[in-house]
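One structure below.
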Amino acid sequence: MKFMKEMKLSFTSTINLFVTFSVLFLGACVNRDKPLPIFGERELVGADTVYHTIAPFQFVDQDSASVTNATFEDKIYVADFFFTSCRTICPIMKTQMVRVYEATKEMPDVLLLSHTIDPEYDTVALLHDFAERLGVESKRWHFVTGKKDSIYKIAQTSYFATAMEDKSEPDGFIHSGAFLLIDKKGRIRGKYDGTKEEEVNRLIVDIKKLRSTNGI
Amino acid sequence: MQACGLSTNRDTKFQQYYVKGEQLYIQHCSNCHQKDGRGLGLVYPPLAQSDYMTQNVDQVLCLMKYGVAGEIVVNGKAFNKEMKGVFSLTDLEVAEIATYIYNTWEHNQGIIDIADVTKAHQKCGN
């Protein structure tokens, strides 16, 4: 019995030691970490490096308000692609995006942007209802719809996310479950699997990191 | 002895339904209703604590397969987003899922049998 107790004690202190070290190590890690990568092609123009940025876009959100690149001027944002009638990965993505929404509540410079890839079904009214049912504010989380071609094109060429109609798929679309982290200059700074909790934890850490360098 | 044997058989059957039901739940239901049964906002209703489930067993057995549209009220909150049914589910599979959801979280209703499903489906299937 005493032996067991000792074992338990030493086990507990090992755990404590481990936790202490992990915290120290993680702390050191965040401080010393390299800046977030910048995704996509880059080219040299004179002495300047020009990075891939999100192309100009114009969509309409759940309040019928126009949402463009200007909406995200001087903002960090997280983008994804989904549709409300999807039963496969979207509900998981939305659950995870709600986590991001909660985690960034006190961060006025962080916004969320969800594009529907089924604009025929997902009307402004439907997106409004959806956002309201999620209990989220439209000024922090824009659910946008627009021309189908424009949405698919920006998904592919700007965000490097797959989105297309495919009647053979369950629910009729194939799309990636990616969350994209965009900095204040419109550059992609991270790509995360929005269906995995650990990946979304990493996103939340990266948002904080990006804010520590003023979002650029 | 016989009673004991009977009860063991029932337990085995319950266990089989429950285990298979959990797998089917993860596969067909948990994306929306969540693994912990808590649902999401007013989009996907909770199952973990649900007066609707307790009061509408037959409807629940029906909607898994045939879907449900229009407003339903769960714990005093109105939900109104169509759920498509999983038409490929057999009566046995519906019974397994039901056994799982009706004996997890706050629920403790015992086994839901194929006969219960078949009976409920006679009312909603046509």
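The values are calculated or read from the model by the stated rules, or taken from the named source; none is laboratory data. What you see is a predicted model; the values in this text were computed from it and never measured. Every residue, glycine among them, receives a Cβ derived from its backbone with ideal geometry; neighbour counts consider all protein chains shown. What goes into the accessible areas is simple: the full protein's heavy atoms, side chains included, and nothing from ligands, DNA or RNA. Shrake-Rupley method; radii C 1.70, N 1.55, O 1.52, S 1.80 Å.
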Checklist line | Qualifying position, being basic (Lys, Arg) and under 13 Å from the mean Cα position of the chain (by Cα), among B:Lys84, B:Lys65 | finding: B:Lys65
Note to self: Show me the strands (runs of 3 or more DSSP E) entirely contained within segment A:101-216 in which 2 or more residues are at pLDDT 95 or above and surrounded by 15 or more Cβ atoms within 10 Å (Cβ to Cβ).
What the structure shows: A:110-116, A:141-144, A:178-182, A:188-193
Next item on the list: Quick one: in segment B:14-55, of everything that is in contact with a helix residue (DSSP H, G or I) (Cβ under 6 Å, 6 or more places away or on another chain), of a type in the set (Gly, Ala, Ser) and part of a loop (DSSP other than H, G, I, E, B), which residue is farthest from the other protein chains (Cβ to nearest Cβ)?
Entry: B:Gly39
Check: Could you list, in sequence order, the residues of segment A:41-82 that are aliphatic (A, V, I, L, M) and modelled with pLDDT under 95?
Finding: A:Leu44, A:Val45, A:Ala47, A:Val50
Next item on the list: Go over the candidates A:Asp109, A:Asp118 one by one and state the one that is under 23 Å from B:His33 (Cβ atoms), among the charged types (D, E, K, R) and touching a residue at least 24 places away in the same chain (Cβ under 8 Å).
Entry: A:Asp118
Checklist line | segment A:70-84, residues that are open to solvent by 30 Å² or more (accessible area, probe 1.4 Å) and hydroxyl-bearing (Ser, Thr, Tyr) | finding: A:Thr71
Check: Any idea which residue in segment B:56-73 is nearest to the other protein chains (Cβ to nearest Cβ), counting only those that are in contact with a strand residue (DSSP E or B) (Cβ under 7 Å, 6 or more places away or on another chain) and under 15 Å from A:Ser85 (Cα atoms)?
Finding: B:Gly67
Item checked: Number of the exception - B:Val57 against (1) surrounded by fewer than 15 Cβ atoms within 10 Å (Cβ to Cβ); (2) under 14 Å from B:Val94 (Cβ atoms); (3) among the aliphatic types (A, V, I, L, M) -> (1)
Next item on the list: Could you tell me which residue of segment B:71-124 is farthest from B:Glu22 (Cα to Cα), considering only residues that are in a strand (DSSP E or B) and aliphatic (A, V, I, L, M)?
Entry: B:Ala78
Margin query: Name the single residue that is modelled with the lowest pLDDT among those in segment A:86-95 being open to solvent by 20 Å² or more (accessible area, probe 1.4 Å) and under 18 Å from B:Arg38 (Cβ atoms).
Written below: A:Arg87
Margin query: Please verify whether B:Glu82 is within 14 Å of chain A (Cβ to nearest Cβ), closer than 27 Å to A:Lys94 by Cα and modelled with pLDDT under 95, treating the condition exactly as stated.
Written below: yes
Check: Of all the residues that make up segment B:19-48, how many are under 13 Å from the mean Cα position of the chain (by Cα) and of a type in the set (Ser, Thr, Tyr)?
Finding: 2
Item checked: Of the criteria (1) surrounded by 18 or more Cβ atoms within 10 Å (Cβ to Cβ); (2) over 27 Å from A:Lys94 (Cβ atoms); (3) not charged (D, E, K, R), which one B:His33 fails -> (2)
Notebook entry, point to check: Taking strands (runs of 3 or more DSSP E) that fall entirely within segment A:42-100, which contain at least 2 residues that are in contact (Cβ under 8 Å) with a residue 60 or more places away in the chain and either among the small types (Gly, Ala, Ser) or assigned by TED's automatic domain parsing to the domain that holds A:Pro119 (or both)?
Noted result: A:58-60, A:76-82
Notebook entry, point to check: Pairs, please: C-beta under 6 Å, at least 6 apart or cross-chain, first residue at the interface with chain B (Cβ under 9 Å from one of its Cβ atoms) and in segment A:124-139, second open to solvent by less than 70 Å² (accessible area, probe 1.4 Å) and small (Gly, Ala, Ser)?
Noted result: A:Arg133/B:Gly41; A:Leu134/B:Gly41; A:Gly135/B:Gly41
